[in-house]
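Working notes, beginning with the structure itself.
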Amino acid sequence: MDHEEAGRFWDANADAWTRLARAGYDVYRDHLNTPAFFELLPDVAGLLGLDIGCGEGANTRLLARRGARVAAIDVSERFIQHARRAEVEEPLGIDYRVASAVDLPYSDAAFDFAAGFMSFMDVPETDRVLAEASRVLRPGGFLQFSICHPCFDTPHRRNRRDARGRTYAIEVGDYFRNLEGEVSEWTFGSAPAEARAGLANFRVPRFTRTISQWLNLLIDAGFRLERLAEPRPEDATVRSHPALQDAQVVSYFLHVLARKP
Ligand SMILES: C[S@@+](CC[C@H](N)C(=O)[O-])C[C@H]1O[C@@H](n2cnc3c(N)ncnc32)[C@H](O)[C@@H]1O
């Protein structure tokens with residue numbers, strides 16, 4: 001499966017994803033991943049940035065509210081329509097375009113920084129995504145992206161729960177087998193049945209890479225690794241959002257901050 005075929009799955013997910021995420025049911029994003037991402041992010045005020053794989057634009061808007069001038073792309077036309085509609089309702093100066101991460105419609109060295117929120121692992125041509133991000137960055141510019149943690153989002157994965165239903169371990173396996181488009185079907189677990197009524201489950205093609213593959217591809221693309229983060233929810237967050245308890249057992253996400261020399 002290539003990036004265009006994978007993109008068609010995302011386009012089909014876009015309406016339901018946007019509706020449920022905007023209703024607050026993407027709890028891992030809103031209460032764990034995004035806060036951690038912005039904690040790691042260098043100061044972007046006054047910088048020109050690109051959000052790669054922006055979806056409906058929630059995190060793009062947060063970048064803009066931090067004072068960055070932001071362009072954003074997504075392979076899905078429907079996601080970009082939703083993002084543009086939000087831009088009309090609350091203008092933040094964000095320039096949204098339909099484009100693929102493997103072929104960015106910008107000139108070399110056009111941006112001070114690039115961001116990818118949970119999108120890079122959705123593109124099969126991982127090397128091309130990183131090469132394109134590097135190409136559009138000016139020397140000294142940085143790339144920050146989040147992905148499903150390569151060590152814990154493996155082809156085989158199962159939550160082990162105790163008698164109270166609390167996850168105490170995550171069983172992982174088949175780590176070295178790169179998935180190349182196996183489709184998994186799911187929805188946001190926190191969304192109640194009435195919120196999901198009439199909405200199809202998401203169908204997401206998975207592309208898994210090992211941790212050394214990710215880091216070596218970054219090095220091959222010419223990046224200098226600056227910082228890594230593995231977000232863990234605080235106890236208080238788990239008390240208010242119990243679904244996040246399992247993310248205290250292993251790190252579900254990996255955040256990477258790298259710089260173009
Ligand atoms: C898990 S969603 C994350 C969306 C958004 N960044 C967020 O944080 O809410 C993954 C996104 O990557 C996008 N995507 C997948 N393949 C892509 C590609 N080749 N180029 C650009 N975006 C892509 C999908 O359309 C989807 O919007």
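Just give me the residues in the range 188-220 being closer than 24 Å to T154 by Cα and among the small types (G, A, S), in sequence order. Within the range 188-220, G189, S190, S212 meet the criteria. Report whether or not R138 is of a type outside the set (A, V, I, L, M, F, W, C), surrounded by fewer than 19 Cβ atoms within 10 Å (Cβ to Cβ), assigned to a strand (DSSP E or B) and at pLDDT 95 or above. Yes: the conditions hold for R138. Note on the range 1-23: residues that are open to solvent by 30 Å² or more (accessible area, probe 1.4 Å), within 18 Å of A86 (Cα to Cα) and small (G, A, S) amount to 1.
Exactly one residue out of A16, A12, A21 is touching a Leu at 6+ places or on another chain (Cβ under 7 Å), part of a helix (DSSP H, G or I), in contact (Cβ under 8 Å) with a residue 12 or more places away in the chain and of a type outside the set (D, E): that is A16.
Scan the range 134-154 and give yes if some residue there is basic (K, R) and within 13 Å of the ligand (Cβ to nearest atom), otherwise no. Quick ask: steps written out before the conclusion?
First pass over the range 134-154, keeping only residues basic (K, R): 135, 138.
Okay, now just the ones that are also within 13 Å of the ligand (Cβ to nearest atom), so none.
No - not one qualifying residue is present in the range 134-154.
Those strands (runs of 3 or more DSSP E) of the range 45-131 in which at least 2 residues are within 13 Å of the ligand (Cβ to nearest atom) and without any contact (Cβ under 8 Å) to a residue 40 or more places away in the chain, considering only elements entirely within it, cover 69-74, 95-98. Going through the range 213-239 one residue at a time, which ones are free of Cβ contacts under 8 Å to residues at least 60 places away in the same chain and over 19 Å from the mean Cα position of the chain (by Cα)? Within the range 213-239, N216, I219, R224, E234, D235, A236, V238, R239 meet the criteria. Of everything in the range 25-44 that is away from the ligand (no atom under 14 Å from the Cβ) and either aromatic (F, W, Y) or within 19 Å of S251 (Cα to Cα) (or both), the residue that is surrounded by the most Cβ atoms within 10 Å (Cβ to Cβ) is L40. Got at least one residue in the range 252-260 being in contact (Cβ under 8 Å) with a residue 12 or more places away in the chain, among the aliphatic types (A, V, I, L, M) and assigned to a loop (DSSP other than H, G, I, E, B)? Checked the range 252-260: no residue is in contact (Cβ under 8 Å) with a residue 12 or more places away in the chain, among the aliphatic types (A, V, I, L, M) and assigned to a loop (DSSP other than H, G, I, E, B).
Scan the range 101-116 residue by residue and report those that are within 19 Å of the chain's Cα centre (by Cα) and either more than 22 Å from L143 (Cβ to Cβ) or open to solvent by 20 Å² or more (accessible area, probe 1.4 Å) (or both). Please lay out each step first, then the result.
The initial filter retains those residues of the range 101-116 that are within 19 Å of the chain's Cα centre (by Cα), namely 101-104, 113-116.
D103 - this is the single residue of the range 101-116 that is within 19 Å of the chain's Cα centre (by Cα) and either more than 22 Å from L143 (Cβ to Cβ) or open to solvent by 20 Å² or more (accessible area, probe 1.4 Å) (or both).
I'd like to check something: does the range 147-155 contain any residue that is more than 13 Å from the chain's Cα centre (by Cα) and either of a type in the set (A, V, I, L, M, F, W, C) or closer than 18 Å to N59 by Cβ (or both)? The answer is yes, given that some residue of the range 147-155 is more than 13 Å from the chain's Cα centre (by Cα) and either of a type in the set (A, V, I, L, M, F, W, C) or closer than 18 Å to N59 by Cβ (or both).
Taking the range 24-44 as the search range and keeping residues that are hydroxyl-bearing (S, T, Y) and assigned to a helix (DSSP H, G or I), which one is farthest from G116 (Cα to Cα)?
Going through the range 24-44, the residues hydroxyl-bearing (S, T, Y) turn out to be 25, 28, 34.
Within this subset, residues satisfying the condition of being assigned to a helix (DSSP H, G or I) are 28, 34.
Numbers: Y28: 16, T34: 11 Å.
The extreme case among them is Y28.
The values are calculated or read from the model by the stated rules, or taken from the named source; none is laboratory data. The structure displayed is predicted, hence computed values, not measured ones. Positions of Cβ are backbone-derived with ideal geometry, glycine not excepted, and every protein chain shown enters the neighbour counts. Surface accessibility is based on the protein's heavy atoms, side chains included, excluding ligands, DNA and RNA. Shrake-Rupley method; radii C 1.70, N 1.55, O 1.52, S 1.80 Å.
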